[in-house]
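The values are calculated or read from the model by the stated rules, or taken from the named source; none is laboratory data. Treat the numbers as computed from the prediction; the structure is a model and nothing was measured. Here the Cβ positions follow ideal geometry from the backbone for every residue, glycine too, while neighbour counts run over all protein chains shown.
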């Protein structure tokens with residue numbers, strides 16, 4: 001983990017194991033992923049942005065796990081899973097989904113299938 005990523009977790013060091021579990025699967029399952037830590041999120045890109053990791057409070061505080069990370073994915077459809085905390089369509093044919101992750105077990109095959117779908121959707125854009 002580089003210095004910029006560690007800086008991102010400066011206020012939330014307890015969430016580092018969640019991110020590490022996600023990053024490990026991400027890099028082992030998808031090729032050519034660029035990870036760009038920024039002040040408010042870690043951006044995930046191939047040719048284009050397909051997702052992000054942040055501390056967006058997409059779930060009410062009383063039911064939000066501690067620690068947590070929020071994984072944001074862009075899909076060409078709305079995913080109606082109960083695991084999706086928020087979904088919006090910022091423009092036609094582009095749905096943004098926020099998923100609050102509170103344990104490494106939640107970084108499962110279902111989540112990674114959505115990540116791959118977002119990755120493929122971004123790669124196919126002109």
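Residues in region 109-126 that are free of Cβ contacts under 8 Å to residues at least 24 places away in the same chain, over 13 Å from the mean Cα position of the chain (by Cα) and under 17 Å from residue 30 (Cβ atoms): 109, 120, 124. Looking at region 89-104 only, could you name the residues that are loosely packed, with under 11 Cβ neighbours inside 10 Å and either in a strand (DSSP E or B) or in contact with a helix residue (DSSP H, G or I) (Cβ under 6 Å, 6 or more places away or on another chain) (or both)? Selection gives 90, 91. Here 73, 56 are screened, and the one residue that is assigned to a loop (DSSP other than H, G, I, E, B), within 15 Å of the chain's Cα centre (by Cα) and at pLDDT 95 or above is 56. If a residue must be touching a residue at least 40 places away in the same chain (Cβ under 8 Å) and either under 16 Å from residue 114 (Cβ atoms) or not in a loop (DSSP other than H, G, I, E, B) (or both), how many such residues does region 1-43 contain? Qualifying residue count for the region: 12. May I ask you to list the residues in region 1-44 that are within 17 Å of residue 97 (Cβ to Cβ) and in contact with a strand residue (DSSP E or B) (Cβ under 6 Å, 6 or more places away or on another chain)? Across region 1-44, the qualifying residues are 41, 42, 43, 44. Would you call residue 118 buried (at least 17 other Cβ atoms within 10 Å of the Cβ), at pLDDT 95 or above and farther than 22 Å from residue 4 by Cβ? Yes: the conditions hold for residue 118.
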